[in-house]
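Report on the following structure.
Quick note: the coordinates plus some simple rules give every number you see, no bench work behind them. What you are looking at is a predicted structure, and each value in this text was computed from that prediction instead of being measured. Cβ sites come from the backbone with ideal geometry, for glycine too, and all protein chains shown count toward neighbours.
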Amino acid sequence: MFSLIQSASVYGVDGKRISVEVDIASGLPQVNIVGLPDPAVRESVERVRAALKNSGFTFPMDRITVNLAPADLRKEGTSFDLAIAAGILTSSGQISAVPFEHTLLIGELSLNGSVRPVAGVLAMIEQAKQSGITRVLLPHGNVKEAAWISGMELFALSHLKELDLQKNKQNGWDHIQEPPMGIRSNIGLNSGATNELHTGIGDYGDVIGQHQAKRAMLIAAAGKHNLILNGPPGTGKTMMIRRLPGIMPSLTEQEALEVTKIYSVAGKLTESSQGLITHPPFRAPHHTISAGGLIGGGSIPKPGEVTLAHRGVLFLDELPEFPRQVLEVMRQPLEDRIVSISRSKAVFQFPANIMLAASFNPCPCGYYGHEYGDKRCICSASAISRYRSKISGPLLDRIDLHLEVPRPISFDSAQTGPSLTSAQMRQMVVAARSFQYERLTGHGTLFNGDLSASALRKTVNLRPEASSLLENAFEALGISMRAYDRMLKLARTIADLEASETVEAEHVAEAIQYRRIDNPQHW
C-alpha cells in the first residue's frame, strides 16, 4: 500500500516542505530511503524500527520504499522520523490515514518511542502556513517557539503511541494555544526592559569617565551605526561595548520572529526558553573563528555568527587578531545586509542586518603612542605594520564611528562630569529612534545607518553651513564617498538625539571627529 505524509526540512534559514511517500510491497524484507538522504536520514530506519516495536506497533516484514520529495534536494537532519513512522503505520493499515490529511509532521524519535524536539521548527511551520497546510504535529519540546505562528492548529506529541487516536481512546491530540494578544503587544519599540538574555551585563552608570566613548555608544545605538574603538589595554573598550545591549530597545514582533527563526534553525533555542527572543542579540566570537563560522557554511549552509547577530550587535574584540581573510568576508554583509553563499545547485541567502562593534590596541603590545610610567611600547615598526595591515581600508570605510579611547590622565579627571546610566541612555535611544522612524517611513528602512544614498539625500535636511563644513572635511581628510555618506548619516543621528529637524554645523562637526582612524596610516 501507498501513503503520503507531509513533513519539512530547513534550507538556509527558510523551511522547505518535504513529501514523505511510503510504499509497502511484497518481497524480501528491506527498507530503502531515496531522495538524496544524508546519513542522519538513512539512520532513521533503525530509530523508527525500534520506536515502533517499543510503542506496541509492528514493523512490516516487507519491502518498504520511502521517497523524500522533491528528490533533487539533499535532505539532512532528523525531522523526518515522525513522518516516516506515520507513513509506515498508515501504509500497513495499523492506523487510519485520515487524521494526517493536510497535516505537517515534524519530530525525531528515540528508540523507546519518545518524540524529541528538532531544530528549525519555526521556519518549517512558517513555510507550511504559506503553502496551505493548516495543522502541525510536533514534539512537546518545540511548543513554545511554534505557538508564536498565528493561524495554525498545533498539536504536541510526547510519544509515538499517541498517533493512534482510536487505540488510546483519545478525542484528539494535545492542542497548543497561541500566545495571548496581550503578550504580543508587549513586544516593540517602546519596551525599555532589558531582556533576560542580557542580565548581568553591567550599567554604563558604573563606568568611570570615558564620557566621549559613552556618547559614541549612544549615537551608535540610536542610528544603528557600526563603530570601532582604539586604545591601550585597560581603558574600558570591551567593557563599554559589552554594555551596549542594555541601551537598545526591544525588537518589534516581526523582528523578534526573524531572530527567533534564525536561532531555531541554528539549534540554539533551549526547551527552557520562553519562545520569542525579544531583545537584540549580542554575539562575540573568538578571534580563532573561521570564515565559514563567521558568515555560515556547509554542504547545506547553516547560519554563521553574522546571521546570529541579525538585528543586534556583532562584537569583534581585538580585531587585528582575526585572520585578514576572515575579516574581509565582512565587506559584503556590511554593505548589503545579507550573506550570499553559493553552492552547485542553489544560492542561499542569510539575513545579516547587524551593527558591527569592534575594538583593538594600537600595536601588538598595546602601548604604542600611549606610554606612561613603566609601560613602554616594545614593538618594532615592522611588527606594528603587520598588526595594522590586518584591518584593511575598505573594511574601515564601512565603519561609521572611529574613536580613540585613551587612558585618563588622572583618577580625578576620570570622574569629572555626570555619568549617564544605561536606563537614561536607553530612553534617549528610544526617543531618537522614534524621531527618525517618523521621518524614514516609506524609505525602505527605519534606521539612519541603513539608508541608501538616494534616501539619505531626500531625508537628511542639511543646512547650507553644515553642507559647506562637510565638503571641506571631504577635501581635507581625503575620505571616500562612502565615508562621506556615513559621516552624513552620523550627523543625522546626532541631530535626531536632539530632536532637530535639520542637521546643523555642530552636528556635522561632531560627526567629523569620529573619523580619526579612517586611514590606517594615521593611527
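Things worth noting here:
- Net lengthening on full extension, L165/A50 (0.36 nm per residue, minus Cα-Cα): 39.3 nm
- Of the cross-linked pairs K345/K390; K129/K261; K237/K375, those separated by over 23 Å at the C-alpha level are K345/K390.
- Between segment 141-162 and segment 442-494, the alpha-carbon center distance in angstrom: 48
- Modelled FRET efficiency - R0 45 Å, N461 with R407, Cβ distances, 0.05 increments: 0.70
- For segment 9-20, 3J(HN,Hα) computed residue by residue from phi via the Karplus equation (6.51, -1.76, 1.60; θ = phi - 60°) reads 9, 10, 10, x, 10, 10, x, 9, 6, 10, 8, 9 Hz, glycine and proline entered as x.
- From phi via Karplus (6.51, -1.76, 1.60), per-residue ³J(HN,Hα) for segment 488-499 in Hz, x at Gly/Pro: 5, 4, 4, 4, 5, 5, 4, 5, 5, 5, 9, 6
- V503 long-range amide H proximity, modeled H, under 5 Å: L462, R463
- Spin-label model distance (nm) - M61 vs T441, 7 Å beyond Cα toward Cβ: 7.1
- For the chain, the longest principal axis of the Cα atoms and the long axis of helix 44-54 meet at an angle of about 50 degrees.
- Nonlocal amide H pairs with L104, under 5 Å, H built at 1.01 Å: R135, V136, L137
- Comparing L451, H140, I512 along the charge dipole axis of the chain, the residue lying farthest to the positive side is H140, per the Cβ-charge model.
- 0 to 90° range, to nearest 10: angle between helix 253-265 axis and the chain longest Cα axis: 60
- Per residue, the convex hull spanned by the Cα atoms of segment 1-62 amounts to 110 cubic angstrom.
- Karplus-derived HN-Hα couplings along segment 335-343 (A = 6.51, B = -1.76, C = 1.60, θ = phi - 60°), whole Hz, x at Gly and Pro: 8, 9, 6, 9, 10, 10, 10, 9, 10
- Residues of segment 22-60 with amide N under 13 Å of a point placed 7 Å along Cα→Cβ from S110: 51
- Fewest-first sequence of R492, R426 by Cβ atoms within 10 Å of each Cβ: R426, R492
- The value for segment 2-178 of Rg(Cα) / (2.2 N^0.38 Å) is 0.94.
- Tilt relative to the chain, helix 422-440 - C-alpha long axis, 0 to 90 degrees, to 10: 80
- Euclidean distance of C-alpha centroids, segment 221-295 and segment 326-379, integer Å: 15
- Loop-located GluC sites (Glu not before Pro) across segment 1-98 with a Cβ neighbour count of 15 or fewer within 10 Å are E43, with loop assigned by DSSP.
- Stretch gain in nm, segment S299-R324, where the contour uses 0.36 nm per residue and the Cα spacing is subtracted: 6.6 nm
- Label corresponding to Cα extents along the principal axes in Å when calculated from the structure given, among (1) 83, 51, 42; (2) 65, 63, 43; (3) 108, 46, 37: (1)
- Put in line by how crowded their Cβ is, counting other Cβ atoms within 10 Å and starting with the fewest, T103, T58 read T58, T103.
- Over every Cα atom in segment 432-477, the radius of gyration and the widest Cα-Cα span, Dmax, amount to 12.5, 35 Å.
- Residue exposure proxy: L497, L227, ordered by other Cβ atoms within 10 angstrom of their Cβ from fewest to most, comes out as L497, L227.
- Under 14 Å of direct C-alpha separation, and excluding same-chain neighbours fewer than eight residues apart, K16 reaches these aspartates and glutamates: D72, E76, E126.
- Paramagnetic reach from F2 (point 7 Å along Cα→Cβ, amide N under 12 Å) across segment 8-26: 21-24
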